[in-house]
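No lab work stands behind these numbers, since they all come straight from the coordinates. Note that the coordinates shown come from a computational prediction; the quantities given were computed from them, not determined experimentally. Note: ideal-geometry Cβ built from the backbone for every residue, glycine included; neighbour counts use all protein chains shown.
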Amino acid sequence: MSISAPAVTAQPASGWANRLAHLRLIPRIETYPSVVLFAQTDLGKLVMLVLFGLGLAYTGKDWWPLSIWLTLTTFLPDRRRLIVTAGTLSLAYLTQPSVHKAILITLILVVAGVLLRCAALWPRSLYGRRPLAFLLSGFVTLVVLASCISADATIYQPMWDFALTLATYVWFIGYSLLDRNAPDRDGFTLQVGTYRPFWGSTNTPFVKGAAYLRRIEARHAEGLAVTQLKGLKLLTWLIMVSFFGKFYDYCIYDRLHVPLFDHALSLSVSRAPLPWYTCWASLIAGFLGSIISITIWGNRFVACCRMAGFNALRNTYRPLSSRTVAEFFNRYYFYFKELLVEFFFYPTFLRYFKRNRRLRLITATFAAACFGNALFHFCRDLTFVQKLGLPGALVGFQVYLFYCVALATAISISQLRKRDPNAAGFIRGQLLPSVSVALFYCLLDIFGSTQRNYPLTEHFRFLAHLFNINI
Amino acid sequence: MNQSEEIREFVKKLLALKGDRQPFSDSSSIFLSGRLGSVDAVEVVVLLEDRFGIDFAEIGFDQALIDSIEAIQSLIRTAGTRS
């Protein structure tokens, strides 16, 4: 599903709805020839970098190292990928609190290098054919072994430190392994530049791996100018969203005193629930707040990536305009969805149940949205395994597991249903489907916790209370 | 209808389902540009499997292989040579 510029519209709605749908707060400056020409000059580049740096300073404290590396990629475009690697490594090492952590990162880079080399040397071996499966099963085995070791053993802490650091790199290494057979694949030096790149990332690789960077890299001066102007526009947009977010928080939480969702849930658990309508307000406010939040931090990474000369797609793009559950999943957190699709959906879809179209789609969707999603979050929060032990962490994971099953079921249904592009009118064609989808995700958010605070039954109790059913 | 036209019509239909009626050339990027997404890629995969006998499990799948009409045609030619 598209999340780029072309707007997804049911049917052209008439009047105010149409005008609202096409309203542009930020003009498309990348289409103005004079602006694009100016952005190609040294002065133009400098102006863009200064403006971008100011925007970065407003949205985070890491503006100055980012600005340095972005200046280098702007003025030395022929060395762009190497500069990305240099920036990524410098930030990876300089921001570590101890030498110990820096050694761990080095060790993980060595492991990544060995894995890639082995996959290239023996492409027809069992490992060479399924390196990703080996990487993930090897990582899970490491976690299981670490959780079996007594806390008094000397190997306990080093093993956990290694596992916890590897957890932050495993999906990045996975993208490199996916790139192993590409005829134009990058060497390890350039692959490393995509491992938690300097423009920022979570455990989800922003923006995917080296293969994607190769394809979206600006090839000439005009392309770079257009990409950077789009980066500047995106940063401007997320600053506007951040202003709106502050206003939203002020109105919802300071003036209307809507309780935070976690607070409403904890009161429900302690058998002193808030009125059902307040719980609704809390849930909806939290859901909309999460959209504002992800729009800001996710698109900041993408804006920096664009400024570095890579025309990456946005991470969050009009999720509330989605008319299907699958479309929302794509528009809400694009790079996480892409991870699930590339690591789990495609491998399953291309191998299994080829003769049964529906079963094939459902299996692949469950492999991605359920299994992959659960595995990603379980691996992300490894500290719970260290703290609660593997059985305790697995039991506590029941809530998020339910979330994954419900999400995969809904996405499967959404994909199997025929889309109706001719649904007439704004209300039937756009508004009702969008509200239904948003409502589904809003309710699903009740089960979106990975914190292992309460059992699944407490989340169901909260859900029932929303409909004034007290159990 | 020849091979190119068939693919072009198929892609056009997928774009139309998303409300995208912008024109596209044979070299236009349709996936990496974000006009179509991963779920739409599945539709193209199924077409190529059913109609042209391409087995992606064997050759490996990458969205870049089907990113434009030209890329799809090249893939079909390569697969034809291989078999």
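A few points about this structure:
- Taking the Cα centre of the protein assembly as shown as reference, the dipole from Cβ charges on Lys and Arg (+1) and Asp and Glu (-1) amounts to some 520 debye.
- Environment charge at A:L229 (Cβ cut-off 14 Å; Lys +1, Arg +1, Asp -1, Glu -1): +3
- Globularity index of region A:336-380, i.e. its alpha-carbon radius of gyration over 2.2 N^0.38 Å: 1.12
- Two tests apply to each whole DSSP H helix in chain A, Cα reach of 24 Å or more along its axis and mean Kyte-Doolittle hydropathy of at least 1.0, and the ones passing both are A:42-59, A:99-121, A:131-148, A:276-307, A:398-416.
- For region A:313-389, the square roots a ≥ b ≥ c of the C-alpha gyration tensor eigenvalues yield an a/c of 1.5 or more together with a/b not exceeding b/c, which makes the shape oblate.
- Distance between region A:195-259 and region A:157-172 - C-alpha centres, whole angstrom: 27 Å
- Rounded Å value of the spacing that divides the Cα centres of region A:371-410 and region B:1-62: 35 Å
- Net charge contributed by nearby residues that have their C-beta within less than 13 Å of A:Y400 (K/R +1, D/E -1): 0
- Inter-chain shielding of B:10-19 (mean C-beta neighbours from other protein chains, 10 Å cut-off): 3
- Alpha carbon convex hull of the protein assembly as shown, projected area averaged over orientations, nm²: 28.0 nm²
- Here region A:143-251 is treated with +1 on each Lys and Arg Cβ and -1 on each Asp and Glu Cβ, and its dipole about the Cα centre works out to around 440 debye.
- For the peptide B:25-38, the mean number of other protein chain Cβ atoms found within 10 angstrom of a residue's Cβ is 5.
- Shape category assigned to region A:128-215 from the gyration tensor of Cα positions, a/c cut at 1.5: prolate
- Rounded to the nearest 20 debye, the dipole magnitude of region A:247-376 is 780 debye, with +1 charges on Lys and Arg beta carbons, -1 on Asp and Glu beta carbons, and the Cα centre as origin.
- Charge dipole of chain B about the Cα centre (unit charges at C-beta), most positive-ward option of B:S29, B:F56, B:T78: B:S29
- Region A:230-355 shape via C-alpha gyration tensor axes, a/c threshold 1.5: oblate
- Bridgeable lysines around B:K12 (alpha carbons under 19 Å apart, same-chain partners fewer than 8 residues away excluded): A:K418.
- Peptide B:61-73 has a mean of 2 when you count, residue by residue, the C-beta atoms of other protein chains within 10 Å of its C-beta.
- Using a cutoff of 8 angstrom between alpha carbon atoms and counting only pairs six or more residues apart, the relative contact order for region A:260-377 works out to 14 percent.
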